[in-house]
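Asker: Quick one: this structure, given as structure tokens, is what I'll be asking you about.
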Amino acid sequence: MRNLLLADLLLGLNDLLDHRITTLRSSATGRLYEPLLVSQRDAIQALPEPLRAGEPLAEDLGAMDVRHDSFGSAVYFITEAYLRLEAYEPAFASRARAIRDAFVPSLAELRAAYPTEAAAAIRRAPKLEAMKAELEAFPVLGGSLYSWVKEYVEAGKRLDQLTSERASVRAETASDRGPAGALRGAMIGLLGRARAAMADELAANTTLPRNLVEQTFGYFDELSVTRARKTKPAESVGSTPVEG
């Protein structure tokens, strides 16, 4: 559970104290820890919303990066198709190469950090209108390559805006981040001790369900598994990355 954010912990506490409360109270351990868990939930709820979610705007930045990388890789690969026919359609290949060089010279650029991708988008934005005629000469389903490149560039510019907004959020909550981190550590420690104590109680009291620990804390386990999948580094362009 050490990968859980405060927002995750709050979800787990709400589930435990609102929906699994009967299960929690079925053991002496649960009854002992209930007021402590309630107190921790109250403390998390009292925090400003941005502090519960870990890195500010992480979900927004991640989603925008996926959009940026998806349109960028689509532009790269559609130009690649024309380049493969260079021996037979040299004029088409030449125009495709000009577009690639202007906007997506390499797939490696799509694995860069957010600020690098944003800076590239801002630098290339003027080329979008300058090369509009060339881009519109390449049809794609639903329009032309111009629409794809525009989405790619706009997503990169939005990464810059979101990064700036993140800096503002961090500045506003700077004084609270230390206490929030301490609260998160304390909450994870409390859950660990409660689980261990319940396991000891089960060993001594055979009348309790053998899966009581899982019944009580199962949602935290599910949240931990989901969070681990969410933060797994991307293995290919277009999947959800941690950064860039």
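The values are calculated or read from the model by the stated rules, or taken from the named source; none is laboratory data. Keep in mind that what you see is a predicted model, and the values were worked out from it rather than measured. Neighbour counts run over all protein chains shown; Cβ positions are idealised from the backbone, glycine included.
Asker: Just the residues that are surrounded by 14 or more Cβ atoms within 10 Å (Cβ to Cβ) and over 27 Å from L61 (Cβ atoms), please, taken from region 141-154.
Answerer: Kept after step one, since they are surrounded by 14 or more Cβ atoms within 10 Å (Cβ to Cβ), are these residues of region 141-154: 144-154.
Answer for region 141-154, where residues must be surrounded by 14 or more Cβ atoms within 10 Å (Cβ to Cβ) and over 27 Å from L61 (Cβ atoms): just S144.
Asker: Just checking, does region 161-169 include any residue being β-branched (V, I, T), at pLDDT below 95 and part of a helix (DSSP H, G or I)?
Answerer: For region 161-169, residues β-branched (V, I, T), at pLDDT below 95 and part of a helix (DSSP H, G or I): present.
Asker: Given the residues G181, G156, which is the only one that is under 28 Å from the mean Cα position of the chain (by Cα) and outside the structural domain of S73 (by TED's automatic domain parsing)? So that I can check it myself, show each step before the final result.
Answerer: Values: G156 fails: outside the structural domain of S73 (by TED's automatic domain parsing).
Sole residue among the options that is under 28 Å from the mean Cα position of the chain (by Cα) and outside the structural domain of S73 (by TED's automatic domain parsing): G181.
Asker: Identify, from the list R41, R2, R97, the residue that is under 21 Å from Y146 (Cα atoms) and touching a helix residue (DSSP H, G or I) at 6+ places or on another chain (Cβ under 7 Å).
Answerer: Just a single option satisfies the conditions, and that option is R97.
Asker: Within region 125-137, how many residues turn out to be among the hydrophobic types (A, V, I, L, M, F, W, C) and either out of contact with any Lys or Arg (no Cβ under 8 Å at 6 or more places or on another chain) or not assigned by TED's automatic domain parsing to the domain that holds H68 (or both)? Before the answer, list the steps.
Answerer: Our first condition is that a residue be among the hydrophobic types (A, V, I, L, M, F, W, C); within region 125-137, this holds for 125, 128, 130-131, 133, 135, 137.
The next check asks that each one be either out of contact with any Lys or Arg (no Cβ under 8 Å at 6 or more places or on another chain) or not assigned by TED's automatic domain parsing to the domain that holds H68 (or both); those that pass are 130-131, 133, 135.
So the count comes out to 4.
Asker: Within the group D200, D176, which residue is part of a helix (DSSP H, G or I), at pLDDT below 95, within 23 Å of L36 (Cα to Cα) and acidic (D, E)?
Answerer: Details: D200 fails: at pLDDT below 95.
Among D200, D176, only D176 is part of a helix (DSSP H, G or I), at pLDDT below 95, within 23 Å of L36 (Cα to Cα) and acidic (D, E).
Asker: Moving to a separate point now. Kindly list, by first and then second residue, each pair from a residue in region 86-112 that is in the same structural domain as Y76 (by TED's automatic domain parsing) to a residue that is part of a loop (DSSP other than H, G, I, E, B) and loosely packed, with under 15 Cβ neighbours inside 10 Å, limited to pairs with Cβ atoms under 6 Å and residues at least 6 apart or on different chains.
Answerer: That search, which allows pairs on different chains as well, returns A93/E86.
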